[in-house]
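Participant: Here it is, the structure in full.
The values are calculated or read from the model by the stated rules, or taken from the named source; none is laboratory data. Here the structure is a predicted model, which is why all the values come from computation and not from measurement. Here the Cβ positions follow ideal geometry from the backbone for every residue, glycine too, while neighbour counts run over all protein chains shown.
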């Protein structure tokens, strides 16, 4: 009886040690919640792309870390992204009215669908497409950001 108790105790302790080691070696992950306001359309979807660096930001998926779309149901939507590592990120958003998962532009490069960018920088003919550094933010803990949709360039 004593041997069984000792063996059982050793078994529990060894399993607990393995569990603690696995937990200690895992890196913390963070949840980013993105709220998109000012949606004008009531059909289609809002597509969001999280970028981890400036490569291709904001129009390409070259530096995409996570992405997803949300069906439009009102003038605001919310999308949660979990499993992110601490770091610097920027978010690009498109009011995807035709289901092609990209920002459609005319022959001059002007947006034909709504768009938004984290930190809501100015987007104009003069300034052009915002750079990653103008839209990026540091993510160290669970965070919520708000992005305002634009349906034309800023003056």
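Participant: Any residue that is under 25 Å from residue 31 (Cα atoms) and in contact (Cβ under 8 Å) with a residue 60 or more places away in the chain - is there at least one of those in segment 121-131? Write out each step before concluding.
Facilitator: If we filter segment 121-131 for residues that are under 25 Å from residue 31 (Cα atoms), which is where we start, we get 121, 130-131.
Restricting the remaining residues to those that are in contact (Cβ under 8 Å) with a residue 60 or more places away in the chain gives 130-131.
Yes, segment 121-131 contains at least one residue that is under 25 Å from residue 31 (Cα atoms) and in contact (Cβ under 8 Å) with a residue 60 or more places away in the chain.
Participant: Looking only at residues in segment 79-121 that are part of a strand (DSSP E or B) and over 19 Å from the mean Cα position of the chain (by Cα), which one is nearest to residue 152 (Cα to Cα)?
Facilitator: Quick first cut of segment 79-121, residues part of a strand (DSSP E or B) only: 79-84, 87-96, 105, 111, 115-117.
Of the ones still in play, those that are also over 19 Å from the mean Cα position of the chain (by Cα) are 105, 111.
Working: 105: 11, 111: 7 Å.
Only one residue tops the list, namely 111.
Participant: Provide a single number: the residues in segment 122-155 that are surrounded by fewer than 18 Cβ atoms within 10 Å (Cβ to Cβ), under 15 Å from the mean Cα position of the chain (by Cα) and assigned to a loop (DSSP other than H, G, I, E, B).
Facilitator: Total satisfying the criteria: 3.
Participant: Looking only at segment 96-111, which residues are over 19 Å from residue 77 (Cα atoms) and in contact with a strand residue (DSSP E or B) (Cβ under 6 Å, 6 or more places away or on another chain)?
Facilitator: 105, 111
Participant: A further question on this structure: Select from segment 89-118 the residues that are in contact (Cβ under 8 Å) with a residue 12 or more places away in the chain and exposed (fewer than 14 other Cβ atoms within 10 Å of the Cβ) and write down the one among them that is nearest to residue 144 (Cα to Cα).
Facilitator: The extreme case among them is 101.
Participant: At pLDDT below 95, out of contact with any strand residue (DSSP E or B) (no Cβ under 7 Å at 6 or more places or on another chain) and under 19 Å from residue 59 (Cβ atoms): is that true of residue 123 in this structure? Walk me through it before giving the result.
Facilitator: On the way: at pLDDT below 95: yes; out of contact with any strand residue (DSSP E or B) (no Cβ under 7 Å at 6 or more places or on another chain): no; under 19 Å from residue 59 (Cβ atoms): yes.
So residue 123 fails the test.
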